[in-house]
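Every read-out reported here was derived from the displayed coordinates using simple, explicitly stated rules and does not represent laboratory data. Computed from a predicted structure; not experimentally measured. Cβ sites come from the backbone with ideal geometry, for glycine too, and all protein chains shown count toward neighbours.
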Amino acid sequence: MKSGMINTMIHGGLVMACLACALFFLRFWKQSHDRLFAFFALAFGVMAFNWMLLALLQVDDERRHYLYIIRLVSFLIILYAIWDKNRAGRGSSS
């Protein structure tokens, strides 16, 4: 097998794993209506989109590094979700 084909298969597996995580968190959001789970589902959906785009681009494409901005957005969503959860918890305990 060629290395490009293996990379595409690995990226496909990562897309599937991220979508499975997104569905997992979406299920918990539907049960609890906690915004943390909704933000995590969104972040994993964005991460799956990032892996899909990386799989579609050629390895030697010079625009490939711009796609890591999408991954940064995903991590920023996770950080915001944690900050939002801690902020909400602090106000309700007083």
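Sort the following peptides by mean Cβ neighbour count (other Cβ atoms within 10 Å, averaged over residues), highest first: 35-48, 18-31. If you can, show how the numbers build up before the last one.
Working: 35-48: 20.1, 18-31: 15.4.
So the order, starting with the most tightly packed, is 35-48, 18-31.
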What FRET efficiency comes out for residue 5 versus residue 75 if R0 is 30 angstrom and r is the Cβ-Cβ distance? Round to the nearest 0.05. 0.55
Volume per residue (Å³) of the convex hull spanned by the alpha carbons of the chain is 74
Please compute the modelled spin-label separation between residue 55 and residue 85, points set 7 Å along Cα→Cβ, answer in nm with one decimal. 2.8
